[in-house]
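A quick write-up on the structure given underneath.
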């Protein structure tokens, strides 16, 4: 039985990465084979170490090196890439190497509140100031433009009057944890050969 080997790219605490790792721990069809992080003190490293997943600090300069990055991903037989709070633009060569195989989660309902500079608290502040009555998450394929890839999944939650950006962020994060792994499984399960 063939497995799909996924790499997670992260920059921060890694709460989404941890939820994904836990979901696929001992999974018969999908393996989290590698974690790359681009911030030296990223909390995701501790999660990777806890679950004994190979992990490397991978600076943006290393990521820009096509051969170096390709070799590292090949070493772990990576079939797809999951972005989990990865705060850097994915190089075009990776999009070419992994067509329709890089997934990202965005903490708003794209196309609203997306694009360059719209990440983390910037998104939640913009949503809070917009007066919208709902927000949510978007899971999409990565292409060569920020937040413009094909949308695979969206889920919404209401915004109560007076909710501050931090409350919105906390509620959206719960939605991310509840949905990202399932969408990853549904998407990549179609690529598994019996």
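Structural remarks
- Hey, residue 27 at negative phi, loosely packed, with under 15 Cβ neighbours inside 10 Å and out of contact with any strand residue (DSSP E or B) (no Cβ under 7 Å at 6 or more places or on another chain) or not: yes
Results for (1) over 12 Å from the mean Cα position of the chain (by Cα); (2) within 19 Å of residue 101 (Cβ to Cβ); (3) at pLDDT 95 or above, shown as yes or no for each residue.
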{"site": "35", "(1), (2), (3)": "no, yes, yes"}
{"site": "41", "(1), (2), (3)": "yes, no, no"}
{"site": "50", "(1), (2), (3)": "yes, no, yes"}
{"site": "65", "(1), (2), (3)": "yes, no, yes"}
{"site": "68", "(1), (2), (3)": "yes, no, yes"}
{"site": "73", "(1), (2), (3)": "yes, yes, yes"}
{"site": "79", "(1), (2), (3)": "yes, yes, yes"}
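- The lone exception for residue 62 - which of (1) farther than 22 Å from residue 186 by Cα; (2) out of contact with any strand residue (DSSP E or B) (no Cβ under 8 Å at 6 or more places or on another chain); (3) in a loop (DSSP other than H, G, I, E, B) it fails: (3)
- Residue 155 meets the conditions (1) assigned to a strand (DSSP E or B); (2) under 23 Å from residue 90 (Cβ atoms); (3) without any contact (Cβ under 8 Å) to a residue 40 or more places away in the chain in every case but one. The failed one is (2).
- Test result for residue 97, surrounded by 19 or more Cβ atoms within 10 Å (Cβ to Cβ) and either touching a residue at least 12 places away in the same chain (Cβ under 8 Å) or closer than 20 Å to residue 188 by Cα (or both): no
- Residue check for residue 136: part of a strand (DSSP E or B), free of Cβ contacts under 8 Å to residues at least 60 places away in the same chain and either surrounded by 15 or more Cβ atoms within 10 Å (Cβ to Cβ) or touching a strand residue (DSSP E or B) at 6+ places or on another chain (Cβ under 6 Å) (or both): yes
- Test: residue in segment 185-193 that is touching a helix residue (DSSP H, G or I) at 6+ places or on another chain (Cβ under 7 Å) and either at pLDDT 95 or above or exposed (fewer than 12 other Cβ atoms within 10 Å of the Cβ) (or both): no
- Enumeration of residues in segment 144-162 that are at pLDDT below 95 and surrounded by fewer than 17 Cβ atoms within 10 Å (Cβ to Cβ): 144, 145, 148, 160, 161, 162
- Residue in segment 2-21 that is within 15 Å of residue 185 (Cα to Cα), in contact (Cβ under 8 Å) with a residue 12 or more places away in the chain, surrounded by fewer than 21 Cβ atoms within 10 Å (Cβ to Cβ) and over 17 Å from the mean Cα position of the chain (by Cα) present: yes
The values are calculated or read from the model by the stated rules, or taken from the named source; none is laboratory data. Small disclaimer: the values here were computed from a predicted structure and weren't measured. So basically every Cβ, Gly included, is an ideal-geometry build from the backbone, and we count neighbours across all protein chains shown.
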